[in-house]
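The values are calculated or read from the model by the stated rules, or taken from the named source; none is laboratory data. Predicted model only: the values in this text are computed from it and were never measured. Positions of Cβ are backbone-derived with ideal geometry, glycine not excepted, and every protein chain shown enters the neighbour counts. Surface areas here come from the heavy atoms of the whole protein model, side chains and all, with no ligands, DNA or RNA. Shrake-Rupley method; radii C 1.70, N 1.55, O 1.52, S 1.80 Å.
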Amino acid sequence: MNDPVSEELRGVVAGPVLLPGDAGFADEVAVYNLNNYLEPAVAVGVTSVADVRAVVRLAAARRLPVAVRTTGHQVAQHAGGAILINTSRMDGVRIDADARTARVEAGVRWSAVTAAAAEYGLAPMSGSTLSVGVVAYLLGGGQSPVFGRSQGYAADHVREIELVTADGELRQVTAADEPDLFWALRGGKGNFGVVTAIEFDLFPVSEFYGGGLHFPGERMASVLRVWRTWALTLPEEATTSVAVQRLPPIPELPEPLRGAFVLHVRFAFLGSTEDGARLLAPIRAVTAAILDDVRTRPYTESALIHASPSTGTSASAPCCAATCG
Ligand SMILES: Cc1cc2nc3c(=O)[nH]c(=O)nc-3n(C[C@H](O)[C@H](O)[C@H](O)COP(=O)(O)OP(=O)(O)OC[C@H]3O[C@@H](n4cnc5c(N)ncnc54)[C@H](O)[C@@H]3O)c2cc1C
């Protein structure tokens with residue numbers, strides 16, 4: 001990146017413009033999977049729609065590639081030579097409790113939406129980890145470990161997408177106004193522009209019955225044999241998945257899981273504690289779990305179903321209640 005371009009960027013955006021080696025550049029391009037990386041020519045911390053439009057217009061005029069980072073949970077390409085737009089400063093969240101919708105700016109993570117919606121007894125179709133960005137999750141389809149089977153893909157509950165397209169124009173995209181673009185965006189990820197805001201449905205849910213059961217690796221075959229037929233019998237209000245995990249011996253994990261080889265059965269049920277416990281009974285009956293934390297809990301604790309770490313990692317380590325998100 002030649003200096004004139006970064007100087008030009010500084011002249012048209014309000015947020016920081018950072019080059020490799022600058023203080024703060026590493027944070028601006030940080031990613032979740034520590035085995036991966038982003039290496040743009042310049043990083044721009046956009047603060048508004050006007051900033052996004054200015055960057056896209058300048059990039060188009062100089063014929064430079066544009067990449068977008070919100071949380072860095074998914075690196076599709078390394079963004080070599082690109083202007084990287086970091087949306088994380090665009091963090092506005094607006095809940096319309098009557099319409100049961102949320103409208104969020106591009107940099108918002110699911111943790112902010114679940115907390116804001118919970119104040120009204122509402123919940124979004126968030127994913128397994130609340131540190132994931134809302135926009136890219138929804139653009140990719142969005143499969144919720146709580147709502148997945150009863151409501152389908154989260155992208156099917158999007159109402160409006162605000163987008164800056166490659167010509168630098170700002171578009172309000174809805175099923176009625178721009179049906180083709182609306183269709184393409186919901187599954188087409190970041191291929192059609194830079195999303196600056198998105199509006200989607202919320203659901204009247206404040207708690208659920210769920211969590212995870214960690215079984216000893218040696219009993220995996222017995223548990224999986226029951227799980228594969230049991231899962232087919234569950235009502236749509238229940239969602240389950242499994243993970244085989246060789247856990248690292250780190251202090252962030254509860255003692256019995258440190259260094260353990262386990263089968264992690266995840267379960268979520270939108271219904272009463274009694275019905276949830278009854279549904280889960282066949283799995284609990286297979287063998288004693290090392291750890292069973294399935295119970296009725298607030299939706300804001302939904303990240304404890306998968307218990308993935310919320311911050312950058314290079315290992316498949318689940319988190320505990322204190323660090324999960
Ligand atoms: C631990 C973990 C748990 C997950 N759980 C689930 C789950 O339960 N269900 C599910 O469906 N998915 C899940 N995912 C996948 C996740 O939804 C995607 O990886 C998502 O793309 C992450 O978005 P991000 O903004 O956090 O990450 P980023 O890496 O910041 O962005 C991801 C991609 O989206 C593009 N992008 C980001 N913001 C914009 C924007 N404003 N406009 C245009 N393009 C943009 C970026 O260019 C990048 O290519 C999970 C991922 C991880 C790492």
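In table form, for the structure just shown:
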quantity	calculated
Histogram of C-alpha separations across the stretch 207-304, 10 Å bin width, %	16, 49, 31, 5
Solvent-accessible area of HIS73 with every protein chain in place, 1.4 Å probe, in Å² to the nearest 10	50
Largest to smallest accessible area among ILE198, ILE95 [probe 1.4 Å]	ILE95, ILE198
The stretch 5-49: relative contact order in percent, alpha carbon pairs under 8 Å with at least 6 residues between	42
Convex hull per residue volume in Å³, alpha carbons only, for the chain	137
Stretch gain in nm, segment ASN35-ARG100, where the contour uses 0.36 nm per residue and the Cα spacing is subtracted	19.5 nm
Sequence ranges 9-18, 299-308, ranked by mean other-Cβ count within 10 angstrom, highest first	299-308, 9-18
Residue-normalised accessible area of the chain, expressed per residue, 1.4 Å probe, Å²	45
Estimated FRET transfer efficiency (GLU252, ALA14; beta-carbon r; R0 41 Å; 0.05)	0.65
Förster-model FRET efficiency, 25 Å R0, ALA184 and ARG63, C-beta, rounded to 0.05	0.55
Fraction of accessible area attributable to carbon and sulfur, the chain (%, probe 1.4 Å)	50
Most to least accessible of ARG94, ARG171, ARG159 (protein chains only, probe 1.4 Å)	ARG94, ARG159, ARG171
Charge tally in the Cβ shell below 14 Å around ARG219, where Lys, Arg are +1 and Asp, Glu are -1, ARG219 excluded	0
Globularity index of the stretch 110-249, i.e. its alpha-carbon radius of gyration over 2.2 N^0.38 Å	1.27
Extension gain, GLU119 back to ASP3 (0.36 nm per residue minus Cα-Cα distance, nm)	37.0 nm
Accessible-area ranking of TYR153, TYR37, largest first, probe 1.4 Å	TYR153, TYR37
Rough spin-label spacing in nm, given labels placed 7 Å along Cα→Cβ, for ASN191 and PHE261	4.1
Distance from the stretch 1-69 to the stretch 136-174 (C-alpha centre basis), Å	24
The stretch 3-86, relative contact order in percent, only Cα pairs under 8 angstrom and at least six apart counted	35
Modelled FRET efficiency - R0 22 Å, ILE290 with ARG228, Cβ distances, 0.05 increments	0.55
Nonlocal amide H pairs with PHE208, under 5 Å, H built at 1.01 Å	ARG297, TYR299
